[in-house]
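Chemist: Questions regarding the structure given below will be posed in turn.
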Amino acid sequence: MTMRVAVLGAGLMGHALALVFALGGHRVRLTDNNPATLEKAGALMERALATLREAGEADAAWTDERLRTAVTRAGAMADTVADAELIVEAVYESPEVKRAIYAEVDALAPMDAIIASNTSRLDIFPLVPERRRMRTLIAHWYTPPYLVDLCDVVGSERTDPAAVETVRSVVAAMGKVPVVMKRYIPGYIANRIQAAMIMEMHRLLDEGYATPRDIDDAVIHGLALRMPILGMIAKADFTGLRLLQTELANRSYEPPPVRTSSSTLERLLAEGRTGVDVGKGYFDWSGRSEEELMGERDRKLLALKRALRAIGPMSGYKRDET
């Protein structure tokens, strides 16, 4: 099914989502209230497309010229959403900003358009005009969405199940992996598990148990090796649920306390070490540009995806809904 897709917001996620939908065969219009951001989006999409072509993940027929035809940029909201069937909202994570965007969409978009917010942590449903709520849901992607296939799909109690199914099927048809949640919770699944890991990571750092390199080695060579094949729930089946029951009963591991700050993180920020954007974060990335580092990350993620496709899932791995 080919859809007319409007993407609102051309920043970090917006331009990348425009590329995803274009490669998926949809007709895309992209807008942003900042002309400079909208202008920059073209080069960012072309750079990502070049990486995908180089890795064989995008057909050679996908030239920059074809991309410019598939994704048109519009400065005005009215021109972007006028005949849209699917409106992907990827604007700043602020209730006030999103409420204003939804009011503008309500005034300009067709009534049968589906609104899909990319919000990572906001309950957007109360922000949407009443008459739009049956066609509004969340479709949350992970950066960069042209490489990371997961998409969290969740509606409210007011959302028409047919709208949820439309988005689920569109995402799946693009070769992505939609996970339809039973109900909304901030952070969804992956981000909530990741948040628990981040809290424990900072306890290990702050209390002097391990270095940043130690932690990453443990994750890369321990957790991450098994996760692509078994995930976390299936891994517990292989470990044995009796052992898991014993660990839970004995409280052999206590979760970290809720943290509002981390001494390690605060020190790094005070030193201006904000990440690869400045060449230093937990690690020293100096000597290479942010563009070079992101490019290497993308190429290695693509190589990993190819390997995982060749390996395939566990045989006999039935998704029991216990």
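The values are calculated or read from the model by the stated rules, or taken from the named source; none is laboratory data. Note that the structure is predicted; figures quoted are calculated from it, not measured. No Cβ is skipped: glycine too gets one built from the backbone with ideal geometry, and neighbour counts run over all protein chains shown. For the accessible areas, the whole protein counts, side chains as well, though only heavy atoms, and no ligand, DNA or RNA atoms are used. Shrake-Rupley method; radii C 1.70, N 1.55, O 1.52, S 1.80 Å.
Chemist: Restricted to region 38-55, and to residues that are in contact with a Lys or Arg (Cβ under 9 Å, 6 or more places away or on another chain) and open to solvent by 50 Å² or more (accessible area, probe 1.4 Å), which residue is farthest from residue 5 (Cα to Cα)?
Modeler: 54
Chemist: Of these, 268, 293, 244, which one is under 21 Å from residue 195 (Cα atoms) and among the aliphatic types (A, V, I, L, M)?
Modeler: Every option except 268 fails the conditions.
Chemist: Being farther than 30 Å from residue 301 by Cβ, open to solvent by 70 Å² or more (accessible area, probe 1.4 Å), in contact (Cβ under 8 Å) with a residue 40 or more places away in the chain and assigned to a loop (DSSP other than H, G, I, E, B), is that true of even one residue in region 123-136?
Modeler: Yes.
Chemist: While we're on this one: Looking only at region 193-212, filter to residues that are under 22 Å from residue 301 (Cα atoms) and either within 18 Å of the chain's Cα centre (by Cα) or without any contact (Cβ under 8 Å) to a residue 60 or more places away in the chain (or both); which one of those is least open to solvent (accessible area, probe 1.4 Å)?
Modeler: Filtering region 193-212 for residues that are under 22 Å from residue 301 (Cα atoms) and either within 18 Å of the chain's Cα centre (by Cα) or without any contact (Cβ under 8 Å) to a residue 60 or more places away in the chain (or both), the one least open to solvent (accessible area, probe 1.4 Å) comes out as 195.
Chemist: Can you tell me which residues in region 13-37 are in a helix (DSSP H, G or I), surrounded by 16 or more Cβ atoms within 10 Å (Cβ to Cβ) and in contact (Cβ under 8 Å) with a residue 40 or more places away in the chain?
Modeler: Across region 13-37, the qualifying residues are 14, 16, 17, 18, 19, 20, 21, 22, 23.
Chemist: Then there's this: Can you tell which of 279, 231, 275 is within 26 Å of the chain's Cα centre (by Cα), surrounded by 10 or more Cβ atoms within 10 Å (Cβ to Cβ), under 20 Å from residue 193 (Cα atoms) and at pLDDT 85 or above?
Modeler: 231
Chemist: Still on this structure: If the Cβ limit is 7 Å and pairs must be 6+ apart or interchain, which residue in region 220-234 that is over 17 Å from residue 189 (Cα atoms) pairs with which residue that is hydrophobic (A, V, I, L, M, F, W, C) and open to solvent by less than 90 Å² (accessible area, probe 1.4 Å)?
Modeler: Between residues of region 220-234 that are over 17 Å from residue 189 (Cα atoms) and residues that are hydrophobic (A, V, I, L, M, F, W, C) and open to solvent by less than 90 Å² (accessible area, probe 1.4 Å), the close pairs are 229/314.
Chemist: Considering only residues that are part of a helix (DSSP H, G or I) and of a type in the set (Lys, Arg), look in region 70-108 and name the one that is least open to solvent (accessible area, probe 1.4 Å).
Modeler: The selected residue is 98.
Chemist: A further question on this structure: Quick one: in region 137-159, which of the residues that are part of a strand (DSSP E or B) and in contact (Cβ under 8 Å) with a residue 40 or more places away in the chain is farthest from residue 7 (Cα to Cα)?
Modeler: 150
Chemist: Kindly list, by first and then second residue, each pair from a residue in region 160-184 that is within 18 Å of residue 25 (Cβ to Cβ) and part of a helix (DSSP H, G or I) to a residue that is open to solvent by 40 Å² or more (accessible area, probe 1.4 Å) and not charged (D, E, K, R), limited to pairs with Cβ atoms under 6 Å and residues at least 6 apart or on different chains.
Modeler: Correct list of pairs: 168/180.
Condition check ((1) within 30 Å of residue 115 (Cα to Cα); (2) open to solvent by 60 Å² or more (accessible area, probe 1.4 Å)) across all residues:
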site	(1), (2)
159	yes, no
168	yes, yes
188	yes, no
221	no, yes
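Chemist: I need every pair where a residue in region 298-313 that is among the hydrophobic types (A, V, I, L, M, F, W, C) has its Cβ under 7 Å from the Cβ of a residue that is open to solvent by less than 90 Å² (accessible area, probe 1.4 Å), sequence separation at least 6 or different chains.
Modeler: 301/147; 302/55; 302/57; 302/147; 308/228
Chemist: Does residue 58 satisfy the criteria of being among the hydrophobic types (A, V, I, L, M, F, W, C), part of a loop (DSSP other than H, G, I, E, B) and open to solvent by less than 20 Å² (accessible area, probe 1.4 Å)?
Modeler: So residue 58 fits the description; yes.
Chemist: Could you list, in sequence order, the residues of region 170-186 that are small (Gly, Ala, Ser) and open to solvent by less than 60 Å² (accessible area, probe 1.4 Å)?
Modeler: Result: 172, 175.
Chemist: Return a yes/no flag: does region 112-119 have any residue that is in contact with a helix residue (DSSP H, G or I) (Cβ under 6 Å, 6 or more places away or on another chain) and open to solvent by 10 Å² or more (accessible area, probe 1.4 Å).
Modeler: No, region 112-119 contains no residue that is in contact with a helix residue (DSSP H, G or I) (Cβ under 6 Å, 6 or more places away or on another chain) and open to solvent by 10 Å² or more (accessible area, probe 1.4 Å).
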